[in-house]
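The values are calculated or read from the model by the stated rules, or taken from the named source; none is laboratory data. Quick caveat, the model's predicted, so the values are computed rather than measured. Glycine also receives a Cβ, built like all others from the backbone with ideal geometry; neighbour counts cover every protein chain displayed.
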Amino acid sequence: MENSAADSFRERDFVFAQAPGYVPWPGILTRKDLRTGMVLFMCTNETKSIPYQKIWRYDDRSKEQFITSQNMEYEEFREAICIAEKLRSGDVDVNCDGAGWQLVSLPDVLAPTIINQNRKDWQLNYVRQVRLERESLSAEVKFIHVINVLRGSLRLRKQDYPSALCAFQQLQGLVLSELLLVRNFGAVEAVHHLCRFASEQPQDQKEAKKVKSLANKLMERFELHFKPPFNSPDFWSEYCLRSKIYRSYTVDVDQVISQLESEQKAAVK
């Protein structure tokens, strides 16, 4: 479907916008630049600069094109559509089920039982596929250790920048995978937080900017390990989704062993 010309948009217009690697997502055009527009994406509140070639007016034609049964299987996309509809009309046929708005008036929406089953099938298939990367877990212990060193070197009251930069260098040299990353949410979240790292000490500004830059580059490297298509408007949202899915279908082996040992001891008694 052809997108509208740049001059047909106005600031504050509701639009569908597509960031690289993601499905078209509802948002608001917050600023018009020469070749791109700044779009605030619904639900995630992420703001991205999007070329006008990847922006479409939020109208019936676009909704028919982009609000598909496949996209509506994902909770965040459904919630984003509902937020857009609610903001546009203020009188939409919606239900609030505790997890967010769920649109019920669109013809594309499948019956809840079908949606839930399709979502579960997709999630199980994803976990099976990502587990094929098991050989990459040989680097997991090293990865966790270096992340812990990185955390420890950038504490709130004390920063050891040489150790932090050394940790970043080691992380760049590790062989990573999507499986390793979705298994270790806390480690990836720590790097994500460092993407906004700053120091209040004037003498540390240069080192702090270096940490922030290296953290952003590392997150970009993490993203390269994730297979498209993405079902969220930004990598962090997509990562959180996939990590949550993986962890919800994965049993902690240590917990299982501990439970078995406890049961065996109880049986002996």
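Odds and ends about this structure:
- With a requirement of 1 or more residues that are free of Cβ contacts under 8 Å to residues at least 40 places away in the same chain, within 21 Å of residue 230 (Cβ to Cβ) and among the hydroxyl-bearing types (Ser, Thr, Tyr), the strands (runs of 3 or more DSSP E) lying completely within the range 1-85 that satisfy it span 36-41, 47-51.
- Residue 240, sole failed condition from (1) assigned to a helix (DSSP H, G or I); (2) within 16 Å of the chain's Cα centre (by Cα); (3) modelled with pLDDT under 80: (3)
- In the range 6-61, the residues that are at positive phi and among the small types (Gly, Ala, Ser): 21
- Where a residue in the range 120-132 is farther than 16 Å from residue 183 by Cα and its partner, wherever it lies, is part of a helix (DSSP H, G or I), with Cβ under 8 Å and at least six apart: 122/73
- Qualifying residue in the range 245-259 (condition: surrounded by fewer than 17 Cβ atoms within 10 Å (Cβ to Cβ) and farther than 22 Å from residue 141 by Cα): yes
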